[in-house]
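Novice: This structure is in structure tokens; I'll ask about it shortly.
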Amino acid sequence: MKKERFIVGARGSALSLAQTAGALDFLRARFPGTDYRVVTVETPGDRDLTTPIEKSAPDFFTRDLDEAVRDGRIDFAIHSAKDLPPKIADDLDWLWLPERADPRDAWVVREGERPREPKIGVSSERRAAYAKKAYPKAKLLPIRGSIDSRIQQLREGRYDAVLMALAGITRLYGGTPPGVELIPIPLEELAPPEAQGHLAVVFRSGDARLMAMRAHFVKAVRFVSAGVGDAGFCTVRGLRDLEEADVVLHDALFDLSLVGRKTEDGRQRTDVDVGKRCGAHTMQQAEITRLICNEARKGRRVVRLKGGDAGLFGRLAEETDALTALQIPFVVRPGVSALVAATTGTGLLLTRRGESRGFTAYTPRSTGTETPQVAFMATRMASDEARRLVREGWAKTTPCAFVFDAAGPREEVRTATLGTVRKILPAKEEDRPGLFIVGRVAAHGGWPRLGVLAGRRVLVTCSDSVQERAATAVEDLGGRPISWPLIELRATRAFGEEVADYDAIVLTSPSAVRIFFANCTCDVRRLGAFYTCGAGTDAELRRHGVLSDVLPAKDFSAAGLVAEIKKLDLRGKRVLRLRSAKAGADVARALRRAGAKVDDVVLYENRACAPDGALPPFDDVFFASASAVESFVARYGAGALRGKGVLVMGGPTRAALPKSFSAKARIFDIISATISGTVPANNKEKR
């Protein structure tokens, strides 16, 4: 691929240049075909060091950089996210980069000094209020300038303490600056702004390169249909979306107290009421749409919870169109609408054999002029139905569509016009069940393909214990997961209080963690240290309220853990190594060489399985283990992988692939929902 070059704007302060350098190192590693040149731009906040922040303009620290983006002098600017104005102009677009720095504020004091009535430098009303509460007799003084300038003023004695953001200090100095002490303030004592610790990228609206890069950092927005009348009408998948969400924008038809506000890994969900009633809107539609887009740009998992079925009179298209324009992927969950609840639920059946062959549903509030026609079980008679509609006045050029196996693994949408139905429906498929849809709605041809995976159908072959998380990760990147488990995990034993006698327990996969805790009755507080070998395993451990005591920094494999074990002195320690029946003995040997007394125990077995029937159509296949690879090849043959993308979780899984496929397989991290080896699209525009 041709090397992509970007001109990047930043303020000239030492902090801005340091955090820009860090951000660009991250982007270079993520997108190997890119290169960056930094130019500095002075902003009003750099020129004016007297105006209090609270009284400054919203774009105090961004104005000149915004203009440089607009006129093409730079491709994008990197900012501290909290410096962005509350509303960014429509001709600019943006995102938050992942990997937030420590968001806490901190006291910065001279080493060894703790005056009782200190002179405290503060730069915001929030910090001033906290300082006054902590030190009622303190003298609060305003402070402005760069971080290094503020710390120098502290060293010179102009202040005894300064309240500052910990993220900026650590980014600039890599730790504690010389001659001072840092005292972090707990989040529950001083809540920071939501943007503190984040870095933001601002670029011109419509820049295809930057939108392609953003697709790697955003998560697909979920439009969940809440059903009507009873929370039980929300689907199981919809409830799971709510449990995984960072932000929920909800109508007034669902009791969110029924769903816990904390996700499995302890994050707190934010719920925003955007409900609308006739003549009474909590929030206008344009503001709802803007909020959806903004929360997605921050990298948050957003759920837009709509009453009934999201696609029926719910203004869904306005919200999805805005996401499409930004190339942000989304998923729509169907649901139980008022139409179904008020008819099937009450006995007022709209179709009775021999009495009614269909019905018309509409709203008098709409300005539309067409009522699409939907024919059930109409595949065999579609040509006859098309001719009937033409005789009744519909134009032959009217769009129409067939939907086969709706929401199933073989779902397919085919579009045509009333005059060309026969061309897309061969005689051999006339017995295939499907719906026949007629009207301008069919011209849209289904939802757009967005995100890194751009609507690709991904065969998810992992066991049931990983299926949901893998499906979520595929959707976050804009793909369509097809559940096709090829292995099942069976626990081989249970554990009681005896596991508390071990000094350490070694678990080297997320599945091992789940199976252990599902089959262990011992109080988790009595358990010893935990040794793990990957971010996914550590994340699963945290869901059970436990942290990894030994975890490789880079090589997330058994070999990486062995390297860490070699650094330990385990003489006299009892260690329980729990593994699958197929795992090797390398870890146990390393533990023994480090002096430990090891019980090497098989925790579970991997058994091959497969759904009934032939493989469904797919573009990519995801393997989470070597066992899944072996099961796929044994059942379908390596030839079934030709022409397909192959995604794997970890190097050992890639090594299990046939050689002709392993080199091209890409690592798929389902915890952070990232795929290695991807690059942004070329920008075709001339500047």
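Novice: Closer than 25 Å to ASP503 by Cα, open to solvent by 30 Å² or more (accessible area, probe 1.4 Å) and not charged (D, E, K, R): which single residue out of LEU568, LEU578, LEU603, LEU561 fits that description?
Specialist: LEU568
Novice: Please list, ordered by first then second residue, the pairs with beta carbon atoms under 6 Å, 6 or more apart or interchain, first in the stretch 441-452 and in contact (Cβ under 8 Å) with a residue 12 or more places away in the chain and more than 23 Å from THR369 (Cβ to Cβ), second assigned to a loop (DSSP other than H, G, I, E, B) and open to solvent by 40 Å² or more (accessible area, probe 1.4 Å).
Specialist: LEU450/GLN327
Novice: For the stretch 50-72, what are the residues that are in a loop (DSSP other than H, G, I, E, B), surrounded by 14 or more Cβ atoms within 10 Å (Cβ to Cβ) and among the charged types (D, E, K, R)?
Specialist: ASP59 - this is the single residue of the stretch 50-72 that is in a loop (DSSP other than H, G, I, E, B), surrounded by 14 or more Cβ atoms within 10 Å (Cβ to Cβ) and among the charged types (D, E, K, R).
Novice: Same structure, new question: List every residue pair whose Cβ atoms lie under 8 Å apart, where the two residues are 6 or more positions apart in sequence or sit on different chains, the first residue falls within the stretch 184-207 and is more than 21 Å from THR20 (Cα to Cα), and the second residue, located anywhere, is open to solvent by 30 Å² or more (accessible area, probe 1.4 Å) and β-branched (Val, Ile, Thr).
Specialist: Pairs found: none.
Novice: Among ALA231, ALA220, ALA200, ALA226, which is under 22 Å from PHE313 (Cα atoms), open to solvent by less than 10 Å² (accessible area, probe 1.4 Å) and of a type in the set (A, V, I, L, M, F, W, C)?
Specialist: That would be ALA226, the only listed residue that is under 22 Å from PHE313 (Cα atoms), open to solvent by less than 10 Å² (accessible area, probe 1.4 Å) and of a type in the set (A, V, I, L, M, F, W, C).
Novice: Report every pair of residues separated by at least 6 positions or lying on different chains whose Cβ atoms are under 6 Å apart, first residue within the stretch 518-537 and touching a residue at least 12 places away in the same chain (Cβ under 8 Å) and farther than 11 Å from SER557 by Cα, second open to solvent by 40 Å² or more (accessible area, probe 1.4 Å) and part of a helix (DSSP H, G or I).
Specialist: What qualifies is CYS522/GLU497.
Novice: Of everything in the stretch 242-286 that's open to solvent by 50 Å² or more (accessible area, probe 1.4 Å) and in contact with a strand residue (DSSP E or B) (Cβ under 8 Å, 6 or more places away or on another chain), which residue is modelled with the lowest pLDDT?
Specialist: LYS262
Novice: Something else now. Can you give me the number of residues within the stretch 564-591 that are closer than 26 Å to ASN606 by Cα and out of contact with any helix residue (DSSP H, G or I) (no Cβ under 8 Å at 6 or more places or on another chain)?
Specialist: Residues that pass the stated criteria total 4.
Novice: Oh, and also: Within the stretch 630-640, track down each residue that is touching a residue at least 60 places away in the same chain (Cβ under 8 Å) and open to solvent by less than 30 Å² (accessible area, probe 1.4 Å).
Specialist: SER631, PHE632
Novice: List the number of the failed condition for GLU181; all other conditions in (1) crowded, with 19+ Cβ neighbours inside 10 Å; (2) part of a strand (DSSP E or B) hold.
Specialist: So the condition that GLU181 fails would be (1).
Novice: Moving on to the next point. How do the pairs read when you match residues in the stretch 485-508 that are in contact (Cβ under 8 Å) with a residue 24 or more places away in the chain and closer than 18 Å to ARG525 by Cα with residues anywhere that are open to solvent by 60 Å² or more (accessible area, probe 1.4 Å) and assigned to a strand (DSSP E or B), using Cβ under 6 Å and keeping only pairs 6 or more apart or on different chains?
Specialist: TYR502/ARG574; ASP503/ARG574
The values are calculated or read from the model by the stated rules, or taken from the named source; none is laboratory data. These figures come from a predicted structure and were not determined experimentally. A quick note on method: Cβ atoms are made from the backbone with ideal geometry, for glycine too, and the neighbour counts reach across all protein chains shown. These area figures cover heavy atoms from the full protein model, side chains too; ligands, DNA and RNA do not enter into them. Shrake-Rupley method; radii C 1.70, N 1.55, O 1.52, S 1.80 Å.
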